[in-house]
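Report on one structure; see the data block that follows.
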Amino acid sequence: MQPTDPPPQFRDPERRKKIEAAFPAVEAYLESTVKRDDLVGLAAGIVIDDELAWFRGWGHRDPARELPVERDTVFGVGSISKTFTALAVLKLRHEGRLDLDRPASAYLPELDAIAYPTRDSPRITIRHLLTHTSGLPRMGNFAEYPASPPGRADFLATLDGIGLDRAPGERRVYSNLGVQLLGPLVEDVSGVDHHTYVREQLFAPLGMNHSAWTPEDVPGDRLAVGHERLPGQQPRPRPHWRPGAADAAGGMYSSVEDLARYAVWILDAFPPRDEPDRGPLPRAALREALTMTTVNRFFAESVRDGPARGGVQGDGLGFGVSASCQFEHVVGHNGKTLNYRAVLQMLPTRGVAVILMTNLSSISSTVLPKDANRVFDILAATDALQPRQHSASPALVAAAGELARLMGRWDQTRYETLMSADYRDAYPLETVRQQFDQWHALIGACRAPRALEVEDPRAGTFELTCERGALKIELRVTPWTPAQISSFTIHEAAGLDVNADLQRAAQVTADLVARWDERKFKAAFTPSFSAARLRTNFAEAGELWGECRVGAGRVTGPRGAVFALACERAAPELRITLAADSPAIANWTMRVPGDGPCR
C-alpha cells in the first residue's frame with residue numbers, strides 16, 4: 001500500500017483568534033433577536049474544531065422560578081432527532097445487521113401493509129426512508145400531537161392500507177412518517193428499544209449526559225419549560241409533547257453542551273485521513289451521511305451591483321445538506337415542536353458549527369435557521385472561516401520542475417517519460433513540441449516552480465520563473481508511482497511586452513463597447529463574426545460595465561493576451577486571440593475575473 005498524501009490543513013495561524021474576535025458581534029446580533037422575537041429563553045453555542053468555543057444564554061429556562069438558560073439547559077430538539085435515528089441505522093449497518101438497499105419490510109414486516117401506487121413500484125428501502133424518497137406522506141394517519149402517546153402496536157397499525165403518494169425513489173418529499181418508522185425498525189434489528197440503542201450507542205460514547213427521549217429522563221432541573229404565545233398575549237407554558245412510539249423523527253431532548261459534543265464528533269470526520277477512527281461510527285460512515293444524495297431545491301439570483309446568490313439544498317442520510325456561493329458544504333438539521341425551536345448547522349470543511357435553541361415555539365420554523373446563517377456571515381466577515389487547504393505532493397512539485405526543464409530544452413525521451421500514455425494519445429507530439437518551442441521563444445528557459453493554488457495534492461497551479469518573465473501553468477499528476485502528468489495547461493506569462501497588434505485589438509474592442517462602429521468592427525474582426533450578434537454583445541457589455549479603459553496586458557501565447565480593463569462599474573478582463581495569418585481578432589471574451597455561477 002502506497003503512503004497517502006497529507007490531509008488538508010487550516011493555513012492561517014491566527015484563524016482561531018480572528019474567529020473569536022467576531023464573538024462580540026455575534027452576541028450583539030443574537031441579543032437583538034431575543035428582543036425582536038421576545039423570546040422566553042435562548043441558548044447559543046459556537047463550536048470550533050474540537051470544543052464549544054463560545055456560549056451565551058438569554059432569558060429563562062423556567063421564568064416562574066427565574067432559572068437562567070445555561071450551557072447544560074435541555075430543550076426539545078425536534079427534527080434534529082432524525083440525525084440520531086439515521087446514525088443509529090448506520091451503526092447497525094456497520095455492525096452488519098442490515099442493508100440500506102434491501103426492502104425495509106425485511107426488517108419491519110408491518111411495512112408490507114402499505115399500498116403501492118403501481119405494480120412496478122420498487123419496494124421501500126431503508127435508504128428511501130433516510131432520504132425522504134419513500135413516497136410516504138409527510139405525516140401518518142394519526143395526530144401529530146396526540147392527547148396520549150401511542151404505543152408501538154397502535155402506531156404501526158396505522159400503516160394498514162396507507163397509500164404512497166408516488167413510487168419509491170421517484171421524488172424527494174419530506175416525510176416525518178418515513179423516519180418515524182425507523183424507530184421500530186431499529187428496535188427489531190437491535191433487539192432493544194430505539195431509545196436504549198441510541199442512548200447506549202451514541203449518547204454514552206459521546207458523553208451526551210443530558211440528552212434523553214422523554215422529559216422525565218432529563219437529569220435534575222435542567223429542562224427548559226416550553227412556551228407558546230397567542231396573539232396579543234404573554235407566553236404561557238405548554239404541556240410536554242409525547243409522540244410515543246413515533247418519536248424517532250422528533251422526540252429527543254438535548255442541550256447546547258451535548259449538541260456541541262455531537263458536532264465536534266461530526267466535524268472530526270473531516271478531512272479523510274490515516275489516523276484511527278474515534279467515536280461510535282467510522283469517519284467514512286459520517287461523511288457518507290453528510291453527502292448530498294437527493295436534491296430538494298436549487299435557486300439562483302443575479303444581483304446587479306453585487307455577487308450573485310445561489311445554491312442547492314437536499315438530503316444526505318438523515319441530514320440536511322446544502323451548498324451555496326458562500327459555503328460549499330453545510331450540514332445539519334432544524335427542529336420544531338409545539339414547545340421548542342432548535343437548529344444545528346455545521347461547516348465540515350471549515351471546522352465550525354452553530355447551535356441555537358429556544359423554549360418559545362411561537363416563531364416561524366425558519367427564524368433560527370436564518371439566525372444561524374447570519375452568525376456564519378458574521379464569522380465569515382473575519383476572513384478566517386476559510387476551508388482547509390491542500391499542500392502540493394512531492395510528485396506534483398517534481399512534475400512542475402520537469403515541465404520547467406522541458407520548457408527550456410525539448411527532450412522527447414523526457415517528454416515521453418513525464419507525460420501519461422493517455423495524455424500522449426490525446427495530444428499529437430508535434431503539436432505539443434510546437435507549443436513548447438513557441439513559449440520558449442517568448443519567455444526563455446524556466447526553473448524554480450512555485451505553487452500558487454493547490455486543488456488537491458496531485459493538482460495545482462504553479463508559477464515558473466523564466467528568463468524573460470514568469471509563466472503560469474496548471475497540471476495534474478497520476479495517482480501511481482512514478483507519477484506522470486495527465487493534464488497540463490499554460491495559462492499566461494507576466495513580465496512580457498504585449499505586441500502592438502494585440503494592443504490595438506484590445507483598444508478597438510474597448511472602443512466598440514463604448515460606441516458601435518461598423519467599419520472598426522469589419523477591420524478588427526475575422527469574417528466569422530456576425531455584426532448583428534457582436535453589436536448586441538458589445539451593447540450588453542456597455543450597459544453592464546460602462547465605458548472601459550485598457551490597462552496592462554499579460555501574454556497568453558504568441559497570438560494572445562489578456563488585458564485588465566478599468567470600467568465605470570467593474571474591472572473585467574478582456575481576453576483576445578488573433579488569427580494565425582492576420583492581426584484580426586479570431587476569439588475574444590470579456591468577463592470579471594472569477595466569473596461564474598456565483599458571480
TODO: Take peptides 566-572, 314-320 and line them up by average Cβ neighbours within 10 Å, highest first, as a rough protection proxy.
DONE: 314-320, 566-572
Open item on the list: Can you tell me the length gained on complete extension of the stretch Arg535 to Leu67, counting 0.36 nm per residue apart and subtracting the Cα distance?
Closed with: 161.4 nm
- [ ] Place the peptides 90-103, 505-518 in order of packing, highest mean first, counting for every residue the other Cβ atoms within 10 Å and averaging per peptide.
- [x] 505-518, 90-103
TODO: Provide Rg over Rh for the chain; use the alpha carbon set for both Rg and the Kirkwood Rh (inverse mean inverse pair distance).
DONE: 1.07
Open item on the list: Over the stretch 320-381, with the other protein chains present, what is the accessible area per residue in square angstrom, probe 1.4 angstrom?
Closed with: 27 Å²
- [ ] Determine the per residue accessible area of the stretch 456-579 with all protein chains present and a 1.4 angstrom probe, expressed in square angstrom.
- [x] 49 Å²
- [ ] Report, in debye and to the nearest 20, how large the dipole of the stretch 503-563 comes out about its Cα centre when Lys and Arg carry +1 and Asp and Glu carry -1 on their Cβ.
- [x] 280 debye
Task: Rounded to whole Hz, the Karplus (6.51, -1.76, 1.60) HN-Hα couplings of the stretch 147-152, x for glycine and proline - done: 5, 9, x, x, x, 4
Open item on the list: Can you give me the accessible area per residue for the stretch 139-199, using a 1.4 Å probe, in Å²?
Closed with: 43 Å²
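Volume per residue, Å³, of the convex hull around the alpha-carbon atoms of the stretch 459-599?
142 Å³
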Open item on the list: Taking only complete DSSP H runs, can you tell me which helices of the chain stretch 18 Å or more along their own long axis by Cα positions and average at least -1.0 on the Kyte-Doolittle scale?
Closed with: 23-37, 81-94, 367-380, 394-408, 429-443, 500-514, 531-545
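Could you work out Rg/(2.2 N^0.38 Å) for the stretch 383-501, with Rg from alpha carbons only?
The reported ratio for this selection is 1.09.
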Task: Pairwise FRET efficiency - Ala398 versus Tyr145, Cβ, R0 = 60 Å, nearest 0.05 - done: 0.40
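Which net charge results when you count Lys and Arg as +1 and Asp and Glu as -1 among the other residues whose beta-carbon is under 15 Å from that of Ala580?
That works out to -1.
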- [ ] Report the label-to-label distance for Arg119 and Thr481 in nanometres (one decimal), using points 7 Å from each Cα along the Cα→Cβ vector.
- [x] 5.9 nm
Task: Most to least packed among 163-171, 46-54 [average Cβ atoms within 10 Å] - done: 46-54, 163-171
Task: Length released on extending from Ala579 to Arg287, taking residue separation times 0.36 nm less the Cα-Cα span - done: 100.1 nm
Task: Of all accessible heavy-atom area on the chain, the percent that carbon and sulfur account for (1.4 Å) - done: 49 percent
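Please state, rounded to one decimal and in Å, the Kirkwood hydrodynamic radius that the stretch 190-329 gives when every pair of distinct Cα atoms enters the mean of 1/r.
18.5 Å
The values are calculated or read from the model by the stated rules, or taken from the named source; none is laboratory data. From a predicted model like this one, the values you see are computed outputs, not experimental measurements. When we count neighbours, we look across all protein chains shown, and the Cβ atoms used for this are built from the backbone with ideal geometry, even at glycine. These area figures cover heavy atoms from the full protein model, side chains too; ligands, DNA and RNA do not enter into them. Shrake-Rupley method; radii C 1.70, N 1.55, O 1.52, S 1.80 Å.
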